[in-house]
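To keep things clear, I will list the structure first and then write my remarks on it.
The values are calculated or read from the model by the stated rules, or taken from the named source; none is laboratory data. Since this is a predicted model, take the numbers as computed values, not measurements. Note that we place each Cβ from the backbone using ideal geometry, even for glycine, and neighbour counts take in every protein chain shown. Areas reflect the complete protein model, heavy atoms only, side chains present, ligands, DNA and RNA absent. Shrake-Rupley method; radii C 1.70, N 1.55, O 1.52, S 1.80 Å.
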Amino acid sequence: MIKTATRFTILIFLLLGILGFSQEKKKFSSIPNILQQINPGNRVDSWVLVYNSYGKGEEIKTSGKVNYTPQFSGFNLFPSEDSFYYIAYSEGGKINYVTDVEGLRKFTDRIDNAQEAAVMLAAEGYMVDEEFKDLAGNYHEDQSNYYLDLGKLTSKECPYQKTHYTVTVNKSTGAVSNVKDNGTYIELYNKKCANNPRLLKIEKKEEPKKDEPRKTPKRR
């Protein structure tokens, strides 16, 4: 009886340990490292992932040899004006290119890891925010799902705004089963914002009182 109770206790602790480990949040690494974890869903002969920064291309992942033409536009998982990525791949003797996030999602097709889940969600506007990984650049998983904490640009107007979400992605189907809104984590105002709190405070200040006429002192 005692041995059975002991075994049961050990089993409980093991299960709790496994559960605790599965719930541990892991931060995504850099965008290039995330993209290096992707693989094509369909069979292609060969492919290459290219990073272009200030007009200079760098191959950051290759599978076979591809005789491709350098591209002048591409996709990014985090907004950047000076750099982008693209994929060139050979399929059936023809060279094709992936230059946007929708094409990237189709190229990846199925989800084999959390990085590919983040890539898929990029087509929906979500992003791994490298500046705020604690809020919008991490994930945890269990046997059934990936749970990704990602950011999203929710306003380009005044104020510029980002919101973070927890997105649940099913490992088997790749379907999003739940999206939890965790609120705004950054708001930026500029001087031209009509709803800039600092400007509103200035406008609310009372107008300076007009000087009252001086009273003439009484003669004694």
Residues (part of a strand (DSSP E or B) and either open to solvent by 70 Å² or more (accessible area, probe 1.4 Å) or among the acidic types (Asp, Glu) (or both)) located in the range 32-58: Lys56, Glu58
Given the criteria modelled with pLDDT of 90 or more, surrounded by 11 or more Cβ atoms within 10 Å (Cβ to Cβ), closer than 24 Å to Lys171 by Cβ and in contact with a His (Cβ under 8 Å, 6 or more places away or on another chain), does Lys61 qualify? no
Condition set farther than 27 Å from Met127 by Cβ and at pLDDT 90 or above, scope the range 12-55, selection farthest from the chain's Cα centre (by Cα): answer is Asp45
Checking Gln143, Gln71 in turn, the sole residue that is in contact (Cβ under 8 Å) with a residue 40 or more places away in the chain, open to solvent by 20 Å² or more (accessible area, probe 1.4 Å) and not aliphatic (A, V, I, L, M) turns out to be Gln143
Kindly indicate which of Lys180, Lys192 is touching a residue at least 12 places away in the same chain (Cβ under 8 Å) and not in a strand (DSSP E or B). Lys192
From the list Ile95, Ile111, pick out the single residue that is of a type in the set (Val, Ile, Thr) and touching a residue at least 60 places away in the same chain (Cβ under 8 Å). Ile111
Filter pass, Ile95 being assigned to a strand (DSSP E or B), surrounded by fewer than 19 Cβ atoms within 10 Å (Cβ to Cβ) and of a type in the set (A, V, I, L, M): yes
